[in-house]
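Some notes on the structure that comes next.
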Amino acid sequence: EKRFEFEDYQKISKFMKKIDDLCKTSNIYPNISFGKNFVSFTIFFKNEKISNNEDVFKKNIDDIFSQI
């Protein structure tokens, strides 16, 4: 689980568009909740050990956030 805080809703919208694209290309669809100033992710991995694809996915989320 991870929560990202935002200054305004426009940044959340931009972030979520990029996350949508990432989910489609990675074929990983986390549980996502959001509000006026935050987005929260819960990712349930298929195995006990995180696969390379899943590890790249979670790192990409952090990278997208840092670019917003």
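Here are the numbers for this structure:
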quantity: The chain: chymotrypsin sites (Phe, Trp or Tyr not before Pro) in DSSP coil with no more than 16 other Cβ atoms inside 10 Å; calculated: 44, 45
quantity: Gain upon complete extension [residue 21, residue 5; 0.36 nm per residue less C-alpha separation]; calculated: 3.7 nm
quantity: ³J(HN,Hα), Karplus 6.51/-1.76/1.60, whole Hz, each residue of region 19-35, x for Gly, Pro; calculated: 5, 4, 4, 4, 4, 5, 6, 8, 6, 10, 10, x, 6, 10, 10, 8, x
quantity: Loop sites in region 21-55: trypsin sites (Lys or Arg not before Pro), DSSP, at most 16 other Cβ within 10 Å; calculated: 36, 46, 49
quantity: Eligible lysines near residue 2 by straight Cα distance, threshold 16 Å, same-chain separation 8 or greater; calculated: 58, 59
quantity: Angle between the chain longest axis and helix 52-67 axis [Cα atoms, degrees, rounded to 10]; calculated: 10 degrees
quantity: Student exercise, the chain dipole from Lys, Arg, Asp, Glu Cβ charges, in Debye to nearest 20; calculated: 120 debye
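Values in this text are rule-based calculations from the coordinates and carry no lab data. What you see is a predicted model, and the numbers here were worked out from it, not measured in a lab. Backbone-built Cβ (ideal geometry, glycine too); neighbour counts: all protein chains shown.
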